[in-house]
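The values are calculated or read from the model by the stated rules, or taken from the named source; none is laboratory data. Quick caveat: nothing in here was measured; it's all calculated off a predicted structure. Counting neighbours? That spans all protein chains shown, and the Cβs are built from the backbone with ideal geometry, glycine included. Only protein heavy atoms, including side chains, enter the accessible area calculation; ligands, DNA and RNA are left aside. Shrake-Rupley method; radii C 1.70, N 1.55, O 1.52, S 1.80 Å.
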Amino acid sequence: FFFNFNFNVAIIVEDDLNVAPDFFEYFLGTYPLLLKDPSLWCVSAWNDNGKVGLINEDKPELLYRSDFFPGLGWMLTKSLWTELCNKWPRAYWDDWIRSPDQRKDRACIRPEVSRTRTFGKIGVSNGLFFEKHLKYIKLNEVSVPFTKMNLSYLMKDIYDSEFVRTVYQSAVVSYQELKDNAISYDGSVRIIYYTRDAYKRTAKLLGLMDDFKSGVPRTGYKGIVTFYYKGRTVYLTPSMNWKGYDPTWS
């Protein structure tokens, strides 16, 4: 597509995916961001933690930046393919592309509500997560006019300062307080993790995917995993003196 037909962008769709009604609208709307912002290297239709109960179904227009490469319906540019094509592996390319040597601190855009959903175990995306996780991913059913929206808030120079400020101004709570709905105030909250095991333990309790790839948790951005729980936005965050991802975390 890139070299023979000279397209500037392509959307990769694995063979076992259904797509949302606004699948192409989503990619058309985010395409300009991919061209303008060199800190972005893909747009993905997938939320790894996009299960009912962990997403705000009333906000299908919400989009985020993520350091974790989601795949499962994703858009890349010709320039990225030119960079990667000569070293592309014959197998397990998704984990390969998540390594620091390939990612180079670049981020993807991902949605609150997934624009793809895998429909079975058979296909290139089959894996151990299907029965426990993948089949519960919510597929968006509402058309959002992304091409008519101002998505400039996703540009790195705008997004980072606002996101970090919002996250670390959120009140700190424990998992038990969140689970028991024992929080007396409205608004977003955060739960802090300090170690790999603490993250995995809390993620499991919450129903989030708890694995890391090259030290990056699924959907994570600056070590922060954002999700929705019992009517509020929750951030699972490292401490404020976070120094970056540790590739030994797995």
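Residue under question is PHE1, and the condition is that it be in a loop (DSSP other than H, G, I, E, B), free of Cβ contacts under 8 Å to residues at least 40 places away in the same chain and either surrounded by 16 or more Cβ atoms within 10 Å (Cβ to Cβ) or touching a strand residue (DSSP E or B) at 6+ places or on another chain (Cβ under 9 Å) (or both); does it hold? For PHE1, the condition - in a loop (DSSP other than H, G, I, E, B), free of Cβ contacts under 8 Å to residues at least 40 places away in the same chain and either surrounded by 16 or more Cβ atoms within 10 Å (Cβ to Cβ) or touching a strand residue (DSSP E or B) at 6+ places or on another chain (Cβ under 9 Å) (or both) - is met.
I'd like to check something: does segment 80-91 contain any residue that is more than 27 Å from PHE146 (Cα to Cα), open to solvent by less than 60 Å² (accessible area, probe 1.4 Å) and either small (Gly, Ala, Ser) or under 16 Å from the mean Cα position of the chain (by Cα) (or both)? For segment 80-91, residues more than 27 Å from PHE146 (Cα to Cα), open to solvent by less than 60 Å² (accessible area, probe 1.4 Å) and either small (Gly, Ala, Ser) or under 16 Å from the mean Cα position of the chain (by Cα) (or both): present.
Here ASP246 fulfils each of the conditions (1) part of a loop (DSSP other than H, G, I, E, B); (2) within 24 Å of ILE109 (Cβ to Cβ); (3) among the charged types (D, E, K, R) apart from (2). Counting only helices (runs of 4 or more DSSP H) that sit wholly inside segment 53-160, those with at least 2 residues that are of a type in the set (S, T, N, Q) and at pLDDT 95 or above are 78-84.
Results for (1) surrounded by 17 or more Cβ atoms within 10 Å (Cβ to Cβ); (2) of a type in the set (Lys, Arg); (3) out of contact with any Asp or Glu (no Cβ under 7 Å at 6 or more places or on another chain); (4) free of Cβ contacts under 8 Å to residues at least 60 places away in the same chain, shown as yes or no for each residue.
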{"position": "LEU76", "(1), (2), (3), (4)": "yes, no, yes, no"}
{"position": "TRP93", "(1), (2), (3), (4)": "no, no, yes, yes"}
{"position": "ARG98", "(1), (2), (3), (4)": "yes, yes, yes, no"}
{"position": "GLN102", "(1), (2), (3), (4)": "yes, no, yes, yes"}
{"position": "ARG110", "(1), (2), (3), (4)": "yes, yes, yes, no"}
{"position": "PHE119", "(1), (2), (3), (4)": "no, no, no, no"}
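Answer with yes or no whether LEU28 is more than 30 Å from SER188 (Cα to Cα), hydrophobic (A, V, I, L, M, F, W, C) and assigned to a helix (DSSP H, G or I). So LEU28 passes the test. Among the residues making up segment 14-32, those that are hydrophobic (A, V, I, L, M, F, W, C), modelled with pLDDT of 95 or more and open to solvent by 10 Å² or more (accessible area, probe 1.4 Å) are VAL19, PHE24, LEU28. Between ALA45, ALA10, the distinction of being over 24 Å from THR166 (Cα atoms), in contact with a Phe, Trp or Tyr (Cβ under 7 Å, 6 or more places away or on another chain), open to solvent by less than 10 Å² (accessible area, probe 1.4 Å) and of a type outside the set (D, E, K, R) belongs to ALA45 only.
Could you grab me the full set of residues in segment 56-73 that are within 21 Å of MET149 (Cα to Cα), open to solvent by 10 Å² or more (accessible area, probe 1.4 Å) and not acidic (Asp, Glu)? Before you say what the answer is, go through the steps one by one.
Start the filter on segment 56-73 by keeping residues that are within 21 Å of MET149 (Cα to Cα), which leaves 56-66.
Subsequent filtering for residues that are open to solvent by 10 Å² or more (accessible area, probe 1.4 Å) retains 56-62, 64.
Correct list: ASN56, LYS59, PRO60, LEU62, TYR64.
Scanning segment 183-238 for residues that are assigned to a strand (DSSP E or B), farther than 23 Å from PRO60 by Cβ and open to solvent by less than 30 Å² (accessible area, probe 1.4 Å) yields ARG190, ILE191, PHE212, VAL216, PRO217, THR237.
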